Each structure stands twice: as C-alpha cells, then as structure tokens.
Amino acid sequence: MIPQSMQSLLDAYFPKGMLQNRVARQDGQCHLELNHRDEKLLNQLGITLDELGPFLVVLMWDEASDLEIGGYLVVDNLSMGAPTIGGIRMLPGLELLDVYNLARGMTLKSGAANLPHGGGKSGIVAPDRQLSAEEHELIIRGFARLLKRYQHLYVPGPDVGTNDHDMKTIAIENGLDAAMSKPADMGGTPIDELGGAAGGIITALDVLLHIMPRLKVLPQFSHMVIPSKDEVTVLFQGFGAVGANAANLLKERLPEAKTIGISDAEGYLYDPAGLPVDELFQAWQQHGLVTKAHFQQHLADQGRHARTKFSSDSNNLLREKAFCLVPAAPVFNYLGVDLPEGASMTIDTMGQWQVIIEAANTYSPDPNRRAQRTRMEQRVYLEKGILIASDYLVNSGGVIFAAQDYLIPTPDHLQLPEHLLGNREAVDEWLHEHAGEFEALSAQRQVAGEAWREDVIRTNMVELITLLAGNPNMLPSQAAERVSLRRLNEREKIRTAKDIMMPVASVKFDAPIQDAAAKIVEGDVNLAVVLGPDDKLVGVITAWDLAQAIARATSLADMRVDHLMIRKSVSVAPHHTVLQVLNQLEENRVSAVPVVEDGQVLGMINSDLLAHWYLPHLLKAN
C-alpha cells in the first residue's frame with residue numbers, strides 16, 4: 001500500500017484526472033514521473049528547476065503490498081555521466097523535498113569527486129513504528145523492484161536508515177550492478193565497514209595542516225598559528241558510521257592528534273587530554289550509542305573528580321574548545337546566527353576552533369537555507385577566522401568507494417544468472433561457489449577507492465585554499481561550489497551522444513501499426529525506431545506519420561509498420577559530440593534521432609532534451 005504521507009501529497013497537489021493519465025501501473029507497482037514539462041507543479045512541491053536540474057522526479061509505491069512501500073527518486077543531473085549515484089534514505093515522514101535537496105548535494109559531490117556519474121538520491125517513506133527485521137527486508141525488496149526500471153539512470157548506495165546489507169538485498173533482487181557499497185562477499189566496497197567517507201575527513205585534516213598557512217594573506221587569518229601534530233585536537237559531533245570511523249582512523253593516520261570530544265543522541269563526552277578512542281569505537285561497533293553507557297560504567301562513581309566531562313545535552317559539545325570540529329551528525333545547520341534557525345548551537349555560544357571539516361551533508365539548494373548558510377559563514381569565516389571545508393569537498397570518500405563497484409565492472413562470468421534473482425539462498429550459494437574471485441574483486445576495488453579518494457580530497461583542499469586566498473570576499477561554500485561546477489562544465493565539453501541519449505521505443509517492421517502507436521503513447525515520445533529481422537535499424541516511425549495517415553482517412557486496421565515508416569532515417573553515432581547531434585537535427589529538420597552503432601540502436605536524442613538540459617551547460621562550458 002502507499003504510505004499515508006505520500007497519499008496526502010497526491011491528494012493535495014495532483015488532480016485525479018492527472019493521476020489516472022500519468023501513473024504507470026503494472027503488477028501493483030505505481031510510478032508517477034515528473035520532469036521539466038511539469039515545472040509549475042514542481043514549484044508547488046518546493047522544487048525549483050534550474051540549469052542543473054532536476055532531470056527526473058519519480059513518486060513510486062506498491063499498491064499490492066500489505067506493507068507500506070513507497071518513496072521518491074530524484075535524478076538531479078547527468079552532466080558527469082549516467083547512471084547517477086546516491087544513497088537510499090529510509091525514514092518515517094521523509095519528504096520529497098528532502099530527497100531533492102540530497103540529490104542536488106550528490107550532483108555537487110560527484111563533481112567534486114570527479115566521478116563519471118551524475119547526482120541522484122532516493123528515499124523510502126518508512127512506517128512510523130518499530131519495524132521487525134523481516135518487515136525491513138520486505139520493504140527494501142519492494143523498493144528495489146520499484147527502482148528496477150531506472151537502473152540506466154540511478155544506482156543506489158546506503159544512507160541514513162539503510163546499510164550495506166540492504167544493498168545486498170537490492171543486488172539479489174536486481175543484479176550485482178544495481179547497487180553500490182555491497183558486502184565484500186559480492187565483490188563490493190562496503191563504505192561503513194571500510195570507513196570510506198571517514199578516510200576523506202582525515203585526509204582533509206592532514207592536508208589542511210600543511211596548507212592553511214597560505215590563508216595568512218587574509219586579514220582574519222593574519223595571526224593564525226598552526227599547532228604541531230601532537231597539539232591537534234578534534235571534536236566529533238556525531239559518533240556514528242562516519243564520526244566513529246573517522247575518530248578511529250585519526251588514531252591510526254595521525255597518531256599524535258587527539259580526539260577530545262564526541263557526541264551521540266544520548267549526550268557528549270569531553271576530555272582535553274584525549275578520550276579512549278579504542279574502547280569507544282569497540283563499544284560503538286557493538287551497541288551503537290556510547291556516551292551515556294561510558295559515563296555510567298566509568299565516570300559516574302568518580303563524581304566531580306572525573307576528568308572526563310559528560311552531559312546529556314549532545315549539542316553542548318559545540319561549546320567546547322578544540323583545533324578542529326567535525327560535524328558528522330545528520331544535521332543541516334550545526335551552527336546558526338539566531339536561535340529560531342534551529343541550529344545545534346548559535347555562533348555567540350560556540351567554542352573556539354580553527355577549522356571545521358564537514359562530514360555531514362550540510363548543502364541545500366533551498367534559498368532560505370542558503371541564506372542561513374551565508375549568514376553563518378560571514379560570521380564564522382570572515383569575522384572569526386575559522387576555515388570551513390564544505391561537506392561535498394571532503395566527505396565524498398564514501399561515494400568514491402561505493403562507485404568502484406560500478407567503475408570496476410563485475411566480470412560477466414560472475415554476474416548473477418537471471419533465474420537466481422530474488423532467491424537469497426540460491427544467490428548465497430552462487431557467491432560461496434565464487435568466494436575467492438569476489439574477495440579478490442573487493443580487494444581490487446578497495447585499493448582503487450583509496451587511491452581515488454586520496455587524490456581527490458587532496459586536490460579539493462588545495463583548490464579550496466587557492467580560491468579563498470585569492471578572493472578575500474569569497475565564502476567557503478562559494479569556493480566549494482566553484483570547484484564542483486568547474487568540473488561539471490569541463491565534463492560537459494567532452495560529452496557525446498552515448499553520454500546523453502535516452503531510451504527509445506522500438507517496434508518490429510512487420511508489427512501492426514497499432515503497436516507503434518501504443519509504444520509512442522506509452523513512452524510519451526514522438527518517435528519509435530523500427531527494427532528488421534536481425535534487430536537492426538531499418539527505419540523510424542513518428543507521431544506525425546501516424547497523424548498524417550489518420551488525416552488522410554487511411555485505414556490503419558490492416559496496416560503494418562513498414563507500410564508507414566520512414567526508411568531513410570537520420571541517425572547519429574555514439575561518439576558524436578552534442579554539437580554534431582544538434583547539426584544533424586538542424587540540417588535534416590527533424591526533432592529526434594536514434595543513436596546507432598553497427599546497425600544496433602542504442603538510444604535516442606531529441607531536441608527537447610538538448611534544449612532544456614545540455615545546450616545551456618555546453619554554452620556555459622565554452
């Protein structure tokens with residue numbers, strides 16, 4: 001059944017006639033797609049179309065399920081390449097706008113990570129109650145089936161409310177290439193287990209310790225003193241998958257530095273001499289929440305004599321002093337100018353730090369949130385002289401690791417046979433039979449992910465400091481966007497027909513003409529390609545051809561596709577540039593062309609796709 005909040009959204013914004021015409025239904029699965037032609041409706045939903053996207057917004061649910069199974073998919077931007085990548089968030093009360101904001105963050109993060117994938121995100125509206133493990137898996141499986149039709153546009157990974165095991169469930173349903181951050185027994189690079197995102201945070205800290213002195217040319221940093229490594233102290237707001245792993249990696253990679261404060265949902269711990277990270281990390285692995293339990297087991301009996309401070313107010317960690325703050329809790333505005341902004345801490349009461357390295361997703365395209373962010377940075381960066389390393393420049397390690405599952409393809413002989421999909425026991429047996437090869441594949445991807453992450457994060461930090469040092473009035477978030485958008489524009493210059501093409505409807509040459517009409521109507525396109533006996537292109541048929549035949553009062557009852565199709569059709573090759581495709585459309589006065597290689601149809605490009613998404617980027621890039 002559809003989640004109640006989604007039903008309320010449909011009732012409030014979607015006329016019944018629109019739902020009847022636009023919802024695609026098959027075997028209980030329902031999909032409602034929105035794109036740039038629905039700009040007014042998207043604006044009403046809080047989503048503003050701009051030059052980046054979103055490319056596609058989907059509301060989807062399973063009306064045949066006894067459980068509430070439904071959620072949202074936002075494919076934001078394809079400039080870096082297809083498919084887009086981004087996690088599946090699973091929370092009660094999750095809203096479409098939340099998923100859109102996260103998808104835009106993924107667009108910038110993929111650009112900053114220089115990955116050949118655009119930004120996307122999906123979200124499951126979870127029932128507002130405690131779920132059993134069986135119910136959780138059923139919801140993940142149901143959502144995987146809803147996502148399957150978009151595998152060419154989006155590949156998911158884990159996010160808040162989902163984990164690496166859930167990605168295995170999706171891979172069992174849809175195939176190994178249908179999910180990222182799978183367990184190692186599938187050849188994956190599980191980002192939570194390997195600390196993929198956490199490693200980028202520590203790399204950023206290490207690099208900044210060496211290059212921050214370049215900011216002394218700015219007045220707010222003129223008296224900056226960088227501590228020696230044994231004087232470096234760090235606070236982690238959020239001791240979860242990223243924060244806990246980052247604290248553990250800090251101990252390994254910068255052993256002289258100290259973690260002196262951590263927080264979770266039950267409170268915070270602070271000790272200027274350093275916290276017992278090994279003990280806390282093990283406790284987190286076993287129990288999740290650690291601060292209150294650590295206080296009860298080790299500090300309560302000491303009373304006022306305890307060196308380590310504990311408070312049940314997690315936010316008060318941000319009052320403490322340290323060299324570096326790492327916001328790693330799922331909070332957008334950890335710092336705010338005013339109390340009504342709902343921030344974890346106001347700027348007037350914050351502690352003394354020299355650098356903030358954002359491990360949490362803090363970016364939002366929402367104008368109000370952007371204004372809040374600007375006000376915060378003006379006070380923190382320009383006035384107080386605290387450097388801020390924006391989230392998607394430093395916390396992209398997770399997506400870099402996860403993307404290796406796609407960048408280093410699973411060999412054909414290891415792909416799950418079609419008849420095994422959906423059968424967990426059979427898939428587990430297949431994985432066991434090929435355990436050695438999957439283990440080697442996982443190791444190869446991990447090594448590649450580590451190298452990519454180190455190179456990207458180091459480059460990002462150098463570019464960030466260079467931009468800030470050369471532009472006294474630039475804010476860190478502005479510099480971060482410039483780094484990411486520069487890479488998006490660079491990738492746009494070299495895009496080809498294969499990069500931007502969309503799926504195309506196809507019909508056999510000897511099929512009834514009604515089949516072609518149905519394909520054109522169902523696909524909401526104006527063209528279908530016609531395939532010969534060898535499944536190679538022999539022509540195209542358009543909505544205009546069908547309209548002309550009807551206007552001439554031609555009987556279509558016994559007509560075949562090859563009686564009406566255009567035999568000398570225009571096509572482009574997959575390596576043709578966007579400008580070459582545009583020239584073909586203009587020279588031949590057609591609105592769409594198939595992308596063809598050796599007679600095989602790979603996809604289609606139409607003028608609508610070019611005009612709305614790719615030409616503005618191309619012009620800007622040039």
Taking Gln444 and the conditions (1) open to solvent by less than 40 Å² (accessible area, probe 1.4 Å); (2) closer than 30 Å to Pro574 by Cβ; (3) modelled with pLDDT of 95 or more; (4) not β-branched (Val, Ile, Thr), which numbered condition does it fall short on, given that it satisfies the others? (1)
Would you check if there is a residue in region 465-481 being among the acidic types (Asp, Glu) and over 28 Å from Leu610 (Cα atoms)? no
Looking at (1) free of Cβ contacts under 8 Å to residues at least 12 places away in the same chain; (2) open to solvent by 90 Å² or more (accessible area, probe 1.4 Å), which is the only condition Ala557 fails? (2)
If we scan region 609-622, do we find a residue that is modelled with pLDDT under 85, part of a strand (DSSP E or B) and open to solvent by less than 70 Å² (accessible area, probe 1.4 Å)? no
Taking region 468-510 as the region of interest, how many residues are more than 30 Å from Gly603 (Cα to Cα), free of Cβ contacts under 8 Å to residues at least 60 places away in the same chain, open to solvent by 50 Å² or more (accessible area, probe 1.4 Å) and not polar (S, T, N, Q)? 2
Given the conditions (1) open to solvent by less than 40 Å² (accessible area, probe 1.4 Å); (2) over 30 Å from Asn77 (Cβ atoms), which single one is not true for Ile520? (2)
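Can you confirm whether Arg453 is farther than 23 Å from Leu209 by Cβ, surrounded by 21 or more Cβ atoms within 10 Å (Cβ to Cβ) and touching a Phe, Trp or Tyr at 6+ places or on another chain (Cβ under 9 Å)? Even if it seems obvious, please write down each step before you answer.
Values: farther than 23 Å from Leu209 by Cβ: no; surrounded by 21 or more Cβ atoms within 10 Å (Cβ to Cβ): yes; touching a Phe, Trp or Tyr at 6+ places or on another chain (Cβ under 9 Å): yes.
No; evaluated as a whole, the condition is false for this residue.
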Determine which single condition Asn174 fails, assuming it passes every other condition in (1) of a type outside the set (A, V, I, L, M); (2) on the phi > 0 side of the Ramachandran plot; (3) in the same structural domain as Gly142 (by the TED database); (4) at pLDDT 95 or above. (2)
Going by the conditions given, is Asp159 acidic (Asp, Glu) and within 18 Å of Tyr406 (Cβ to Cβ)? yes
Return the residue satisfying two criteria in turn: it lies in region 52-69 and is over 18 Å from the mean Cα position of the chain (by Cα) and of a type outside the set (A, V, I, L, M), and of such residues it is most open to solvent (accessible area, probe 1.4 Å). Asp66
So, in region 98-153, how many residues would count as being of a type in the set (Asp, Glu), part of a helix (DSSP H, G or I) and either farther than 22 Å from Gly28 by Cα or touching a Cys at 6+ places or on another chain (Cβ under 8 Å) (or both)? 1
Just a yes or no: is a residue in region 291-303 touching a residue at least 40 places away in the same chain (Cβ under 8 Å), open to solvent by 20 Å² or more (accessible area, probe 1.4 Å) and at negative phi? no
Read through the list (1) at pLDDT below 95; (2) open to solvent by less than 30 Å² (accessible area, probe 1.4 Å), then give the number of the only condition that Leu387 fails. (1)
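Of the residues that sit in region 50-74 and are within 19 Å of Asp608 (Cα to Cα) and assigned to a loop (DSSP other than H, G, I, E, B), which one is modelled with the lowest pLDDT?
By that ranking, first place goes to Glu51.
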Considering only region 396-438, state which residues are surrounded by fewer than 17 Cβ atoms within 10 Å (Cβ to Cβ), within 25 Å of His117 (Cα to Cα) and charged (D, E, K, R). Asp412
Those residues that are out of contact with any strand residue (DSSP E or B) (no Cβ under 6 Å at 6 or more places or on another chain), open to solvent by less than 20 Å² (accessible area, probe 1.4 Å) and more than 30 Å from Ile226 (Cβ to Cβ), I need them from region 180-206; list them, please. Lys182, Met186, Gly187, Gly188, Thr189, Pro190
Tally, over region 23-44, of residues that are farther than 23 Å from Asn101 by Cα and open to solvent by 90 Å² or more (accessible area, probe 1.4 Å): 3
Kindly check whether there is at least one residue in region 158-168 that is open to solvent by less than 40 Å² (accessible area, probe 1.4 Å), of a type in the set (A, V, I, L, M) and more than 22 Å from Leu91 (Cβ to Cβ). no
Quick check on Ala551: is it open to solvent by less than 40 Å² (accessible area, probe 1.4 Å) and either within 27 Å of Arg37 (Cβ to Cβ) or touching a Lys or Arg at 6+ places or on another chain (Cβ under 8 Å) (or both)? no
Name the pairs whose Cβ atoms lie under 8 Å apart, with the first residue in region 432-443 and over 15 Å from Leu407 (Cα atoms), the second assigned to a helix (DSSP H, G or I) and not charged (D, E, K, R), and 6 or more positions between them or separate chains? His434/Leu414; Glu437/Leu414; Phe438/Ala184; Phe438/Met186; Phe438/Leu414; Phe438/Leu431; Glu439/Ala184
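The values are calculated or read from the model by the stated rules, or taken from the named source; none is laboratory data. The shown structure was predicted, so the numbers you read here are calculated from the model rather than taken from an experiment. Glycine gets a Cβ as well: all are built from the backbone with ideal geometry, and neighbour counts include every protein chain shown. In case anyone asks, the SASA skips ligands and DNA or RNA and just uses the protein heavy atoms, side chains included. Shrake-Rupley method; radii C 1.70, N 1.55, O 1.52, S 1.80 Å.
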